[in-house]
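First the structure, in the form of structure tokens, and then the observations on it.
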Amino acid sequence: GDLSKSVLPLRISALGDNQMPPLARNTIDPAAVAVVTAWINSLPKVETTRGLRGEYFAGMDLTNLKLTRTDLTVNFDWGQGSPYPAIGQDSFSVRWTGEIEPAFSETYTFYTTSDDGIRLWIDGRLIIDNWTDHAPTENVGTIDLAAGRKANVRLEYFENGGGALV
């Protein structure tokens, strides 16, 4: 068939009946600009959320999600209790994710204290890995980070039995 008769999308720069009138090409409507500007300025300001996204699971293996919230810090001692009513006092887990932005280009040292298992990834690199049942234990990991370059953080924790702290 004749391709010139096929249905193609029309372009603004097309000739003939579909050509944009010359005066409309460069005309700015100040009233429309004012309306759009006012609307943009009325939008809520975007604020940076501080903290880490915490996903709380009823399973020890990061399964059976029960709660998602933002935690300003990870500094919990639940003792013999639970982080959330829908989660039992034993056999639960938590995954925190977010970003950090280093102020300096240097080697950073991260410390965790947990009862029980803990894993920490910084920028996709596993730097702490003690995914075992244990009494309160401090673990240490280091990584080189660049100033001003955001790095992803993922901290995973599980509680098996007894005391629960991270």
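Put a dot 7 Å past each Cα toward the Cβ at Thr113 and Asn64; how far apart are the dots in nm?
Between Asn64 and Thr113, the simple spin-label model gives 3.0 nm.
Taking a probe of 1.4 angstrom, what is the accessible area of Asp90 in Å², to the nearest 10?
60 Å²
Can you give the FRET efficiency to the nearest 0.05 for Trp131 and Arg53, using r as the Cβ-Cβ distance and R₀ = 22 Å?
0.60
So if R0 is 30 Å, what FRET efficiency would Arg149 and Phe76 give, r being the distance between their Cβ atoms, rounded to the nearest 0.05?
Efficiency at R0 = 30 Å is approximately 0.55.
Among Leu72, Leu120, what's the order by accessible area (1.4 angstrom probe), most exposed first?
So the residues, ranked largest to smallest area, are Leu72, Leu120.
According to a simple spin-label model (label point 7 Å from Cα along Cα-to-Cβ), what is the distance in nm between Ile100 and Glu138?
With each label point 7 Å from Cα toward Cβ, the separation is 1.6 nm.
The values are calculated or read from the model by the stated rules, or taken from the named source; none is laboratory data. Keep in mind that this is a model prediction, so the values were computed, not measured. Reconstructed Cβ throughout: ideal geometry from the backbone, glycine too, with neighbour counts over all protein chains shown. In case anyone asks, the SASA skips ligands and DNA or RNA and just uses the protein heavy atoms, side chains included. Shrake-Rupley method; radii C 1.70, N 1.55, O 1.52, S 1.80 Å.
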